[in-house]
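This report concerns only the one structure given below.
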Amino acid sequence: MAFPTTVRLVEVGPRDGLQNEPEPIATATKLELIDHLGAAGIRYIEAASFVSPKWVPQMADHRDVMTRLKRRDGVTYAALTPNLKGLEAALECGVEEVAVFGAASEAFSQKNINCSVAESLKRFAPVLERAREANVRVRGYVSCVLGCPYEGEIDPAKVAEVSKALYEMGCYEVSLGDTIGTGTPLKAKRMIEAVSRDIPMDKLAAHFHDTYGQALANLYAVLEEGIGVIDSAVAGLGGCPYAKGASGNVASEDVVYLLDGLGIETGIDLDKLAATGTWITQAIGRPNRSKVGVALVAK
């Protein structure tokens, strides 16, 4: 299979990357991060999460973030809206695209959102219906596609089943998440093969965490299968809450360096992106987990 000629990067740093940070991060810092990312050429930024501040205190300023960010032409600013209440609040803030998330693991679904996978999908139906009325596109996430902290191995058929349900419900794209980062390249290929039997490859995205250092290898494996959308976070922001001290998201800089090396077009300025990674990690007092970012800045 030939590599895609272009890849769209979905930058999840401002949301997935920051949401588990224990110390409050100033709204101004989040807004500056979003602006820097847009300036580096990133065209899709997940900016906020409309969840209860009780559950995710770091995202309590979601309204401020969405209403105050400086919009750039050609950039999509999306938000996570797990329920109808979140969606309504996001619509009031002028959001143009939202995301919902399910899981391929029953145990993870129960522990994470207190309901079965089937119930979680039922809950999304009114969210997708309302989004359709408001002419807002919905992206679907599936967690634990290559392993679960509670169940261990996950059957690719289960991933395919949940992905198909989200796609048929109206999600224009389904992002496949290796939430705990335990996947390896062959497993990643087998999972993509299973899911792409039901959903066209150009409607799928890879959201691979780097907990076990396999994210780039896994991304290479699914690029070979034809995946053309990759989720990542600048500087590798975001730890994995299920593995103490572990890195979470794959670093955007490392992904762009890989893609550049394969001659795949992203439209992203790697130097500007690396500078953004250095700036945000210093601003929040976190290590820069991008190998490429650290190397470029040290030059």
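The values are calculated or read from the model by the stated rules, or taken from the named source; none is laboratory data. Keep in mind that what you see is a predicted model, and the values were worked out from it rather than measured. Heads up, the Cβs are rebuilt from the backbone with ideal geometry, glycines too, and the neighbour counts pull from every protein chain shown.
With respect to the conditions (1) at pLDDT 95 or above; (2) touching a helix residue (DSSP H, G or I) at 6+ places or on another chain (Cβ under 7 Å), Asp202 falls short on a single one, namely (2).
Among the residues of region 184-221, write down those that are under 16 Å from the mean Cα position of the chain (by Cα) and more than 17 Å from Tyr167 (Cβ to Cβ). Phe208, His209, Asp210, Thr211, Ala215, Leu216, Asn218, Leu219, listed by residue number. Scoring Ala206 on the criteria (1) farther than 30 Å from Gly94 by Cβ; (2) of a type outside the set (Lys, Arg); (3) in contact (Cβ under 8 Å) with a residue 12 or more places away in the chain; (4) outside any loop (DSSP other than H, G, I, E, B) leaves a single failure, condition (1).
Here region 131-156 is the region considered, the condition is being out of contact with any helix residue (DSSP H, G or I) (no Cβ under 6 Å at 6 or more places or on another chain) and over 20 Å from Ala205 (Cβ atoms), and the residue that is surrounded by the fewest Cβ atoms within 10 Å (Cβ to Cβ) is Asn135. For region 166-190, taking the residues that are assigned to a helix (DSSP H, G or I) and touching a strand residue (DSSP E or B) at 6+ places or on another chain (Cβ under 6 Å), the one that is surrounded by the most Cβ atoms within 10 Å (Cβ to Cβ) is identified as Leu166.
Scanning region 191-203 for residues that are surrounded by 15 or more Cβ atoms within 10 Å (Cβ to Cβ) and not in a loop (DSSP other than H, G, I, E, B) turns up Met191, Ile192, Ala194, Val195, Met201, Lys203. Within region 254-269, residues that are part of a strand (DSSP E or B) sit with their Cβ atoms under 7 Å from residues that are not basic (Lys, Arg), at 6+ positions apart or across chains, in these pairs: Glu265/Thr5; Glu265/Thr6. Could you go through region 113-125 and let me know if any residue there is under 30 Å from Ala221 (Cα atoms) and assigned to a strand (DSSP E or B). Scanning region 113-125 turns up no residue that is under 30 Å from Ala221 (Cα atoms) and assigned to a strand (DSSP E or B). Figure legend. Inter-residue proximity from region 59-86: first residues surrounded by fewer than 20 Cβ atoms within 10 Å (Cβ to Cβ), second residues part of a strand (DSSP E or B) and of a type in the set (Asp, Glu), beta-carbon distance below 7 Å, spacing 6+ or different chains. Indicated pairs: Thr76/Glu97.
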